[in-house]
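This report concerns only the one structure given below.
The values are calculated or read from the model by the stated rules, or taken from the named source; none is laboratory data. The structure displayed is predicted, hence computed values, not measured ones. Cβ atoms come from the backbone with ideal geometry, glycine included; neighbour counts cover every protein chain shown. Remember, those area values only see protein heavy atoms, side chains included, never the ligands or the DNA or RNA. Shrake-Rupley method; radii C 1.70, N 1.55, O 1.52, S 1.80 Å.
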Amino acid sequence: MLEFRNVNTYYGDLHVLKNVNYNLGAGEIICLLGGNACGKSTTMKTIMGIVRPTSGEVIFEGQRIDKLSTAERVRRGIAPVLEARRLFPRMTVFENLEMGAFTRKRGPEFNEDLDRVYTLFPRVKERRDQQAGTLSGGEQQMVAIGRALMARPKLICMDEPSMGLSPLFVEQTFEIIQTINRQGVTIFMVEQNAAMALSIAHRAYVLQTGQVVLSGPASELRENEQIREAYLGEMQVAAE
Amino acid sequence: MSPFDLLLQQIINGLSLGSMYALLALGFTIVYGIMELINFSHFNVFMIGSFVAMGVLSLFGLQGQSILMHGAPLVVALIVALVVTMVACGLLGVLIERVALRPLRGVQGPMAMITTIGVSYVLSNATMLALGANTKNFPNPIPPMTFHIGTAQITAFQIVIWVLSALLMGGLYMFVQRSKLGKAMRATAQDPDAALMMGVEVNRVIMTAFFLGSALAGAAGFIFGLYYNFTNFGIGFTAGLRAFTAAVLGGIGNIPGAMLGGILIGLIEAMAGQYVGAKWADVIIFSLLVLVLIARPAGLLGRLAPTKS
C-alpha cells in the first residue's frame, strides 16, 4: 500500500535517508526502529510531504505521491499522529477532531467517524468541550489518535505514540492501535519503546544512520541478538 | 458642562476613536498571530482606504462639508463606499502578501518585516505622487443630529461608528470561531506544522488573514476620514503607530486583546485631549505601553508563548 523506492533525502548537505526502501502491505502494523537522528522522523515527514525526497519514489496505493501537497496526501487517506501529540491547545477537543477532518466535506460520514472516535474513547466524548491544552497526556493521546481517525485514513503514521505517557497509558495506547488496525487501518509507527512496538507489530524495519540495516517479521526481530542488545535492553533488565 | 458630563463626553469621544484603532489593530494582530510578522504596510493600507472611500463618495456626488443627501440614498451611498473600500483594501493586502512577502516565506530573521516597511513607503509615496501632497477635505455627509445625556452629546455619526465597529468585530470573531477557514486560522496560529499535517493549505490561511485585516483597515480609514474630515498621504503613520501600540498593549496575536487595546488607546487620547492637552496623548500612550509591558510582557490579554525551537 505504501512503498519507498530508493528514497534519498537531504537537509542541506546532510544526507538523511540513504537509498531507503520500505514496503508496507495493507492491513499491517509496521514499526520502524532506530536510535536518535537515524532518519525515523524524516521518514514520517517524507510520507506526509513536509520533506521532499531528492531522488526516489514514494508510492501510495500504486500512485506516486512524492510531489503531492500534504493536503492531497491527507485527502488520499494518510493521517498523522504527531510526535508529542501536537494538539491545538486553545481549541476544544471537538474542534481538534474537526481539524482532523479538515480535508473532508461535513456530512453524515463526519458524524459516523465522530461516533467511532467517541465509542473508541468515551473519555474524549466527555471532554469534547474542554480546551485540548488542559487535558492530561493520556487524554491528549486519545484525542490525537481520534483526530487522525477523523480523516478516515487508510494509513496512520504514528511518531512515538508512547512518548511521555505513563506505562499504563502506553499499554492502553498499544491496545487501541491494535483495535484500529483490526478495523482495517494500516499502521506505520516510529517507536523508541521497541519491546512494546515489536509485541504488536507484524513487521519491522531497523534504521541506522539513514539506512535500512535490518527488516523482517517482528517475531524474528524480537529474537535477533543485535536488536536485543541495541533496543530491547530494558526488557531484559525487566525480565531479570 | 459639569465635570461628570465632561468625563462622559470624553468617554463617548474616546469610544469612537477607540473603535477605529481597534479595527486597525486587528489587522496587525491577525497577521502576527499566524505568521509572527509585524506588517508595517498595514499603516498605509489604512491610508489608502481613506482615499478609496473619498473617491467612492465623490462618485455619489458627496463632496465637501455640506449635507447633500438624506435618508435611504445616503445610507446606500455610505454602505456602497464602505463595501468597496473594504474589498479594495482587502485585495491590496492580498496583493502585498503575494508580491512582497510570499517570496520571503521561510526566510529566517527580520527580512519580511523590513520588506513591509519598504512596502509602506511605496504606498505612501505612490499616493503622494498620484494625488498630491496636500491635505484633502473628506466629505462630511452625515447629518449633524445629536442626542443629549445631560449636557454631553452623542452625534449620529458616533452611533454609526459604534454600530459599524461592533458589527465588523463581531463578524470577525464569529468567522474565526465558527467557520472552517476561521478554525484553520486559529489552528495555524497555535501550531502551524500540525495544521499543515491536517491538510490546511497555509497559503490560503495567510491570504485570508491579509484580506480580513486589510479590509478592516479600510473600514478604519473610512471612519478616520468621516471623523476628522480630512485625509492625506501621511495619515497612516500616526494612527497606524497608535493602533500597533493598541495591538501590543492588548497582547499581539490575541483578537479580543486588540479590541481592548484599541478602545483603551482611544479613551486615553480623548482624556489626554481634555485634561492634559492633546499633544501629550502620545507621551501618555507610549508611557503606558512601557509600564504594561514591564508588568505583563505579553500584553493585557496575551500569553507568553514558549519560544519556538
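Of note:
- Dipole of the range A:86-152 [Lys/Arg +1, Asp/Glu -1 at C-beta], most positive-end residue of A:Gly137, A:Phe88, A:Val124: A:Phe88
- Sequence-distant contacts, meaning Cα pairs under 8 Å at least 6 residues apart, place the relative contact order of the range B:7-128 at 34 percent.
- Amide hydrogen proximity for A:Leu214: with H placed 1.01 Å from N in the peptide plane, the residues at 5 or more positions away or on another chain lying under 5 Å are A:Val206.
- Legend: calculated FRET efficiency, A:Gln63 to A:Gln208, from the Cβ-Cβ distance at R0 = 25 Å, rounded to 0.05, equals 0.25.
- Residue by residue, the range B:139-155 carries 3J(HN,Hα) couplings of x, 10, x, 8, x, x, 7, 10, 10, 10, 10, x, 9, 6, 10, 10, 8 Hz when phi is fed to the Karplus relation 6.51 cos²θ - 1.76 cosθ + 1.60 (θ = phi - 60°); x denotes Gly or Pro.
- Isotropically averaged projected area of the range A:111-156, using the convex hull of Cα atoms (one quarter of hull area), nm²: 3.2
- When B:Tyr32, A:Tyr10 are compared by accessible area of protein heavy atoms, the largest-first order is A:Tyr10, B:Tyr32, using a 1.4 Å probe.
- Placing unit charges on each Cβ (+1 for Lys and Arg, -1 for Asp and Glu) gives the range B:18-233 a dipole about its Cα centre, and among B:Met197, B:Leu74, B:Val160 the Cα reaching farthest toward its positive end belongs to B:Met197.
- Annotation: extensible slack from A:Gln131 through A:Thr119 equals 2.3 nm (criterion: 0.36 nm per residue apart, minus Cα-Cα distance).
- Minimum 40 Å² accessible area buried by the other protein chains, the range A:91-113 residues, probe 1.4 Å, relative to alone: A:Met91, A:Glu95, A:Met99, A:Phe102
- When the solvent-accessible area of the range B:149-289 is split by element, carbon and sulfur atoms take up 72 percent of it, the probe being 1.4 Å.
- Our summary gives chain B a relative contact order of 37 percent, counting only alpha carbon pairs under 8 angstrom and 6 or more residues apart.
- Dividing the mean sequence gap of close Cα pairs (under 8 Å, 6+ apart) by how many residues chain A holds gives a relative contact order of 27 percent.
- Residue by residue, the range B:238-252 carries 3J(HN,Hα) couplings of 5, 5, x, 5, 5, 5, 4, 4, 4, 5, 5, 4, x, x, 5 Hz when phi is fed to the Karplus relation 6.51 cos²θ - 1.76 cosθ + 1.60 (θ = phi - 60°); x denotes Gly or Pro.
- Distance violations [Cα-Cα > 27 Å] among A:Lys154/B:Lys183; A:Lys67/A:Lys125; A:Lys40/B:Lys183; A:Lys40/A:Lys125; A:Lys45/A:Lys125: A:Lys67/A:Lys125; A:Lys40/B:Lys183; A:Lys40/A:Lys125; A:Lys45/A:Lys125
- Taking every Cα-Cα distance in the range B:133-271 and sorting them into 5 Å bins starting at zero, the pair-distance distribution P(r) comes out as 2, 8, 14, 19, 18, 15, 11, 7, 4, 2, 1, 0 percent.
- Note on A:Asp129: accessible area is roughly 120 Å² with a 1.4 Å probe, heavy atoms of protein only.
- Charge sum, other residues only, whose C-beta stays under 14 Å from B:Ser19's C-beta, Lys/Arg counted +1 and Asp/Glu -1: 0
- By accessible area with a 1.4 Å probe, ligands and nucleic acids excluded, highest first: order of B:Lys180, A:Lys18, B:Lys279: B:Lys279, B:Lys180, A:Lys18
- Per-residue HN-Hα couplings for the range A:181-190 [Karplus 6.51, -1.76, 1.60; θ = phi - 60°; Hz; x = Gly/Pro]: 4, 5, 7, x, 9, 6, 10, 10, 10, 8
- When the Cα atoms of chain B are aligned to their principal axes, the ranges along those axes come out at 57, 45, 37 Å in descending order.
- Rounded to the nearest 20, the Cβ-based charge dipole of the range A:86-152 about its Cα centre (Lys and Arg +1, Asp and Glu -1) stands at 160 debye.
- Cα-centred dipole magnitude for the protein assembly as shown, charges only on beta-carbon of K, R (+1) and D, E (-1), debye, nearest 20: 1120
- Spin-label pair B:Leu293-A:Ser166: with each label point 7 Å from Cα along the Cα-Cβ axis, the two points sit 4.4 nm from one another.
- For A:Ala101, residues with placed amide H under 5 Å, excluding near neighbours: none
- Compared with the rule-of-thumb size 2.2 N^0.38 Å for a compact globular protein, chain A has a Cα radius of gyration ratio of 1.00.
- Antiparallel content of DSSP bridges confined to the range A:81-239, in %, to 5: 55
- In Å², nearest 10: area of B:Phe4 left accessible to a 1.4 Å probe: 140
- Our compactness index for the range A:1-135, the C-alpha radius of gyration over the empirical 2.2 N^0.38 Å, is 1.21.
- Computed over every Cα-Cα pair of the range A:114-205 and binned at 10 Å starting from 0, the pair-distance distribution P(r) comes out as 15, 52, 29, 3 percent.
- Cα centroid separation, the range B:241-309 to the range A:85-156 (Å): 37
- Computed about its Cα centre, the charge dipole of chain A is approximately 940 debye, with only Lys, Arg, Asp and Glu carrying charge at their Cβ.
- The residue list A:Leu114, A:Ser55, A:Ile78 was ranked by how far each Cα lies along the charge dipole of the range A:32-123 toward its positive end, using unit charges on Cβ atoms, and A:Ser55 comes out on top.
- Ranked order, B:Tyr173, A:Tyr231, A:Tyr118 - accessible area, probe 1.4 Å, largest first: B:Tyr173, A:Tyr231, A:Tyr118
- Kirkwood hydrodynamic radius (C-alpha pairs) into Stokes-Einstein, the protein assembly as shown, 20 °C and 1.002 mPa s, D in µm²/s: 81
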